[in-house]
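I have placed the structure first, in the form of structure tokens, so that the comments after it can refer back to it.
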2 protein chains.
Amino acid sequence: MAAAGVVANGPKEEKQAVGIDGPTNPMVTPLLNDLYQFTMAYAYWKGGKHNERAVFDLYFRRNPFGGEYTVFAGLEECIRFIANFRFTEDEIAFVQASLPPSCEIGFYDYLRGIDCSDVEIHAISEGFVVFPKIPLMRVEGPVAVVQLLETPLVNLINYASLVATNAARHRFVAGKSKLLLEFGLRRAQGPDGGIGASKYCYMGGFDATSNVAAGKLFGIPLRGTHSHAFVSSFMSPDEITEKSLKSSDSSNICEDFVSLVQAWLSKLKWSQLLGGIFGETNQSELAAFASYALAFPKNFLALVDTYDVMRSGVPNFCAVALALNDLGYKALGIRLDSGDLAYQSCETRKFFQAIEKEFGVADFGRTNITASNDLNEETLDALNKQGHEIDAFGIGTHLVTCYAQPALGVVFKLVEINNQPRIKLSEDVSKVSIPCKKRCYRLYGKEGYPLVDIMTGENEPSPKVGERILCRHPFNESKRAYVVPKRVEELLKCFWPGRSGKEREELPPIKLIRERCINQLNLMRPDHMRRLNPTPYKVSVSAKLYDFIHFLWLNEAPVGELQ
Amino acid sequence: MAAAGVVANGPKEEKQAVGIDGPTNPMVTPLLNDLYQFTMAYAYWKGGKHNERAVFDLYFRRNPFGGEYTVFAGLEECIRFIANFRFTEDEIAFVQASLPPSCEIGFYDYLRGIDCSDVEIHAISEGFVVFPKIPLMRVEGPVAVVQLLETPLVNLINYASLVATNAARHRFVAGKSKLLLEFGLRRAQGPDGGIGASKYCYMGGFDATSNVAAGKLFGIPLRGTHSHAFVSSFMSPDEITEKSLKSSDSSNICEDFVSLVQAWLSKLKWSQLLGGIFGETNQSELAAFASYALAFPKNFLALVDTYDVMRSGVPNFCAVALALNDLGYKALGIRLDSGDLAYQSCETRKFFQAIEKEFGVADFGRTNITASNDLNEETLDALNKQGHEIDAFGIGTHLVTCYAQPALGVVFKLVEINNQPRIKLSEDVSKVSIPCKKRCYRLYGKEGYPLVDIMTGENEPSPKVGERILCRHPFNESKRAYVVPKRVEELLKCFWPGRSGKEREELPPIKLIRERCINQLNLMRPDHMRRLNPTPYKVSVSAKLYDFIHFLWLNEAPVGELQ
């Protein structure tokens, strides 16, 4: 528990190893896998090849959402999975039932014995800003075991990184001063689509979630108010039977809070500044607001669009808020969930300010306005352009399902086996893999921005501060540049040492990963981060690695015969 | 277990009630909820309103993917959730820590005591074809309890129905004769995004999945072969040490299968019909294929695009397949995973047919061709138009993430409380809810097609076969039609009777739901189902319900004051 550094009161795990909890979702087991990983493992085993030492790189080929950056997330869940990777007898029996009956029984004894103690994992730290082609994880170990890790690791990284990136992009458009709330659980792709979204949106820079389970599992701040159903469940203020409310300091009791609210509503209706904006407000809505305020006098936040925002919801809210104010309570604010959010927020702000002015209620003009309703990067951007008075955004569907691009193409490619570099060719150059067990560095320029990421062979000397190094595009021979780094950061760190004796990097708590992510995003040169036509960040290989890639490519590609 | 009718060897559940297993994913608990469900429950409780009898409808407003139909899925998981709905002490403690400290302690005793024994759920059967506005589920019970069900139920239905619909649409384009394989686990939105995808794609008409966990949980057939990594893990045939292979009938042993393969490759290279198509094939690929065949002589299926499909992969496959054939084995086929699938499949077919002809190997021309690589409805449609020779499609990313539309807008709206119908208004007419506790019917015409779905008030007489009934558009007064149904099907059935004493509908096994779904899709009039510009299926209300909706609407909408 302490090792994983996470507030986890989650589902109990049968399997535990080296003090690292299992995955948050107990369904993440070695069977969460494609069948072909097992058929391949069998073929490796049958051919006596299963213990050959292989190196696989996990990486993606293109940044999502038309952008030029990605936030790396999901690592902790991968390490939790690795740390607890063992087959149960039940699982082995199912694998046996799923493979052809001709498979030798010895294979299942082999499965019975494997774990990840001979696997070594280097990875970029979770929350880092990352780029295409650079390995996010380098997984080394017996080929059959590492093959069995492919699907779970890719699954755990793909959506995590995608949705964290989506959250970071929403934060970028909304601006640092706004409160961003993740409200996506009901529209997420399944139960832990929801839980994963809450976790990784927080990591990517959101402030809170509505998802109680995620709050419990990860310690993410929770937010929530009430829904339209609550409002329409009331018929009239008459049905409120318990109407008394103590003042904030408990010094006195208002025996009929509902009448106090009604009195304020009447004052607003006939007020100088607000007269004529509204007539009769909806009384079931008023009843709902009053009832909610009686339940949460210190936390009154009302959804104001069930009937009509300016002619009912906002006046009703203000009447309740002013009644609360009489008793020493400060209402939290309103939520808008439909219609023209920019216009409504500005009109509501004016309404609040008029009340502050006419009735002398300090700060009433600054009462919080939250907006929700199918928000995404585009609508946030449009709201900014129109001008609005919204303080907080509740974002659901588009955020958590990554509506603009619902998948990231993370892949897992063999780059070396038995110390022999391997390459995967393709007619599409962007799909050719970069062979060799590699090291990766981020080189920073004199202004403090990262300039370029570079991959080198494992045994090449590392780039040095102040020393000129040639950075080459891996596939385009004309693209190359000399760089004299002011700072050199090695990207891949050892998160699972296996038998190597290396020190294992700690898995920090989610709050620290979130801070790291926000810092990383701030560190980037702004033109890489902009929403429209961002500049691609450069990803390169050393001159030596470049030469080797192209030697191997020629070597492996078949030569046709003209006849 | 028997009641739920599912092969579930899944994670164990602490809580069980009335013989129905808990949700497949043990993370589906009453805390998988939006915080506001708890604040509302508290406000209902504080106001003494929590036991008021409420009716909520769960429905969606628009069919996904630009289509005119949706497959309803996720019901069994909802009923499993309902049947086991109880708070643990740990969960109650967390809710208490999450609500304001001013909340009265009695509320937590209340939470401690609640379950769904007083909740009644009617639903459309899982696997049915469904349409907008018609309640998929009608949930009735104490308002505070039902409020707490909203988020989990919506979450469990949303993605399930979306991805089942997506699968059905892919099946529609691929045609009934093709084998459809779901290969999406690694790109799914999180671990049970993957498991849910496998379950509901099978339900929507796919034949198998690569996802082993889903195979174990739901009894879905599994498929898989090998990846590019397997191919590139080999260097040359020399590394194969165990080269002997028994014949299919065990009557003799081939001591050097690899040499037999090499001999066939040479024959193919110099054959009359195939000469010149290829020269030297990639030897590491040949080694991988031979090794895989030695492991799975009865199940040999090879991925042929690691280096070059026609100049290496297909000839290498055929050499191995012909060697297997000599020993009485029949190779399963190849998989294409890149490039021009239509062209490659046709060229491969010709290659297979030439072998059948030249070497007299019966049926070799019909060897299976599987294609994968970012397939979706559009690419399947394009393949059909180009002409292809593909027998099976492996579909991943686009299918499981519902790339074309990654969310379905399922909502949960209060329609009645204390026998009082309630309506939720909106400036957007499509968002106005249809009030009243309702019954829903599907009316069939004389040609056997469903003609229209109709909602009536709970106590209206049901439509009768042969009797003329007026079906009205719920919001457009000019749209109405008389229908004389040849068959009347009541859509909402009782899946959770609560204390009503009604009989509970059984939850059938997934294979039966899949058959039901396929039958339902076949039953629809073709113009509703076509991919481009399908005809909307009609959804209506009775004349009486129409009048009532509009009476209530006028009653609730605020009236402005002109001054």
| field | Filter pass, B:Ala93 being surrounded by 24 or more Cβ atoms within 10 Å (Cβ to Cβ), closer than 28 Å to A:Lys246 by Cα and either hydroxyl-bearing (Ser, Thr, Tyr) or more than 18 Å from the chain's Cα centre (by Cα) (or both) | value | no
| field | Scope region B:496-538; condition outside the structural domain of B:Ile82 (by TED's automatic domain parsing) and touching a Cys at 6+ places or on another chain (Cβ under 9 Å); matching residues | value | B:Lys538
| Restricting attention to region A:176-191, does a residue exist that is open to solvent by 10 Å² or more (accessible area, probe 1.4 Å), without any contact (Cβ under 8 Å) to a residue 40 or more places away in the chain and either in a loop (DSSP other than H, G, I, E, B) or on the phi > 0 side of the Ramachandran plot (or both)? | yes
| said: Condition first: within 10 Å of another protein chain (Cβ to nearest Cβ), buried (at least 24 other Cβ atoms within 10 Å of the Cβ) and not β-branched (Val, Ile, Thr). Now tell me which residues in region B:200-214 satisfy that. | reply: B:Tyr200, B:Ser210, B:Asn211, B:Ala213, B:Ala214
| task | Go over the candidates A:Glu347, A:Glu378, A:Glu356 one by one and state the one that is touching a residue at least 24 places away in the same chain (Cβ under 8 Å) and either of a type in the set (Asp, Glu) or surrounded by 23 or more Cβ atoms within 10 Å (Cβ to Cβ) (or both). | result | A:Glu347
| Restricting region A:182-193 to residues that are at the interface with another protein chain (Cβ under 10 Å from one of its Cβ atoms) and in contact with a strand residue (DSSP E or B) (Cβ under 6 Å, 6 or more places away or on another chain), which is nearest to A:Asn368 (Cα to Cα)? | A:Phe183
| request: Pick out the one residue from B:Phe364, B:Phe359, B:Phe300, B:Phe352 that is closer than 22 Å to A:Phe38 by Cα and in the same structural domain as B:Phe234 (by TED's automatic domain parsing). | output: B:Phe300
| note | Of A:Ser271, A:Ser259, A:Ser250, A:Ser266, the only residue that is at positive phi, surrounded by fewer than 21 Cβ atoms within 10 Å (Cβ to Cβ) and of a type outside the set (Asp, Glu) is A:Ser250
| query | Does region B:96-118 hold any residues that are under 25 Å from A:Leu301 (Cβ atoms), assigned to a helix (DSSP H, G or I), open to solvent by 50 Å² or more (accessible area, probe 1.4 Å) and touching a residue at least 24 places away in the same chain (Cβ under 8 Å), and which are they? | reply | none
| field | Matching residues, region A:224-255, being touching an Asp or Glu at 6+ places or on another chain (Cβ under 6 Å) and either at the interface with another protein chain (Cβ under 10 Å from one of its Cβ atoms) or of a type outside the set (S, T, N, Q) (or both) | value | A:Gly224, A:Val231, A:Lys243
| Residue count for region A:279-288, restricted to those that are open to solvent by 10 Å² or more (accessible area, probe 1.4 Å) and either more than 7 Å from chain B (Cβ to nearest Cβ) or in a helix (DSSP H, G or I) (or both) | 1
| task | Working carefully through the options B:Ala41, B:Ala54, find the one that is open to solvent by less than 30 Å² (accessible area, probe 1.4 Å), part of a helix (DSSP H, G or I), aliphatic (A, V, I, L, M) and within 23 Å of B:Ser433 (Cβ to Cβ). | result | B:Ala41
| note | Picking from B:Asn368, B:Asn376, B:Asn384, B:Asn325, the residue that is modelled with pLDDT of 95 or more and touching a His at 6+ places or on another chain (Cβ under 9 Å) would be B:Asn376
| query | What is the residue count in region A:405-446 for residues that are in contact with a Gly (Cβ under 9 Å, 6 or more places away or on another chain), among the basic types (Lys, Arg) and not in a loop (DSSP other than H, G, I, E, B)? | reply | 2
| If you take the residues of region A:399-417 that are within 13 Å of the chain's Cα centre (by Cα) and over 16 Å from A:Val154 (Cα atoms), which of them is farthest from the other protein chains (Cβ to nearest Cβ)? | A:Leu399
| Given the residues A:Ser125, A:Ser177, A:Ser117, A:Ser161, which is the only one that is modelled with pLDDT of 95 or more, over 30 Å from A:Arg525 (Cβ atoms) and polar (S, T, N, Q)? | A:Ser117
| Matching residues in region A:126-145 - criterion: being aliphatic (A, V, I, L, M) and either more than 13 Å from A:Cys78 (Cβ to Cβ) or free of Cβ contacts under 8 Å to residues at least 60 places away in the same chain (or both) | A:Val129, A:Val130, A:Ile134, A:Val143, A:Ala144, A:Val145
| request: Quick one: count up the residues across region A:290-304 that are more than 7 Å from chain B (Cβ to nearest Cβ), within 34 Å of the chain's Cα centre (by Cα) and open to solvent by less than 10 Å² (accessible area, probe 1.4 Å). | output: 5
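The values are calculated or read from the model by the stated rules, or taken from the named source; none is laboratory data. Predicted model only: the values in this text are computed from it and were never measured. Neighbour counts run over all protein chains shown; Cβ positions are idealised from the backbone, glycine included. These accessible areas exclude ligands, DNA and RNA; they are computed on the full protein's heavy atoms, side chains included. Shrake-Rupley method; radii C 1.70, N 1.55, O 1.52, S 1.80 Å.
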